[in-house]
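A quick write-up on the structure given underneath.
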Amino acid sequence: MNIIFEPLFKQQLLNILDYIAKDKKSASIKFKNELQFKISQLKTHPNIYRKSLYFDDENIRDLIYDGYTIIYEIQINSVHILDIFKWQYK
């Protein structure tokens, strides 16, 4: 399966990484690397995370990482990473 990062996700992730880096650059790098690993698991195990609490669709799921929710959608040959946010902000 291919992983496709949607523009909203990319922008939100950059904002989060910039925010974390203001406090500690190494923490920002660690966050990005660990998140990339979790997302890479979706290539072989797209159903590993729960059905989304925000959408009534079995193919839209929530990956929870370090207090952030990553919304993704499973399609026939790809996984689309849609958004990332802190749960208390939605």
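The values are calculated or read from the model by the stated rules, or taken from the named source; none is laboratory data. The shown structure was predicted, so the numbers you read here are calculated from the model rather than taken from an experiment. Glycine also receives a Cβ, built like all others from the backbone with ideal geometry; neighbour counts cover every protein chain displayed.
Residue 81: out of contact with any helix residue (DSSP H, G or I) (no Cβ under 6 Å at 6 or more places or on another chain), among the aliphatic types (A, V, I, L, M), surrounded by 11 or more Cβ atoms within 10 Å (Cβ to Cβ) and assigned to a strand (DSSP E or B), yes or no? So residue 81 fails the test.
Specify which of the listed residues (8, 42, 35, 14) is loosely packed, with under 12 Cβ neighbours inside 10 Å, in a helix (DSSP H, G or I) and not charged (D, E, K, R). Lay out the reasoning, then the answer.
Working: 8 fails: loosely packed, with under 12 Cβ neighbours inside 10 Å; 42 fails: loosely packed, with under 12 Cβ neighbours inside 10 Å; 35 fails: loosely packed, with under 12 Cβ neighbours inside 10 Å.
The unique qualifying residue is 14.
Looking at the stretch 48-68, can you tell me whether even one residue there is under 18 Å from residue 5 (Cβ atoms), touching a Lys or Arg at 6+ places or on another chain (Cβ under 9 Å) and of a type in the set (Lys, Arg)? For the stretch 48-68, residues under 18 Å from residue 5 (Cβ atoms), touching a Lys or Arg at 6+ places or on another chain (Cβ under 9 Å) and of a type in the set (Lys, Arg): present. Every listed requirement among (1) within 11 Å of the chain's Cα centre (by Cα); (2) closer than 17 Å to residue 85 by Cβ; (3) aliphatic (A, V, I, L, M) is met by residue 42 save one, (2). Scanning the stretch 18-32 for residues that are surrounded by 17 or more Cβ atoms within 10 Å (Cβ to Cβ) and touching a residue at least 12 places away in the same chain (Cβ under 8 Å) yields a single hit, 31. A search for C-beta distances below 8 Å between a residue of the stretch 62-79 that is at positive phi and of a type outside the set (A, V, I, L, M, F, W, C) and any residue that is at pLDDT below 95 and surrounded by fewer than 17 Cβ atoms within 10 Å (Cβ to Cβ), counting only pairs 6+ apart in sequence or on different chains, returns 67/86; 67/87.
Among the residues that make up the stretch 50-60, is at least one of them assigned to a strand (DSSP E or B), surrounded by 11 or more Cβ atoms within 10 Å (Cβ to Cβ) and not charged (D, E, K, R)?
There is at least one residue in the stretch 50-60 that is assigned to a strand (DSSP E or B), surrounded by 11 or more Cβ atoms within 10 Å (Cβ to Cβ) and not charged (D, E, K, R).
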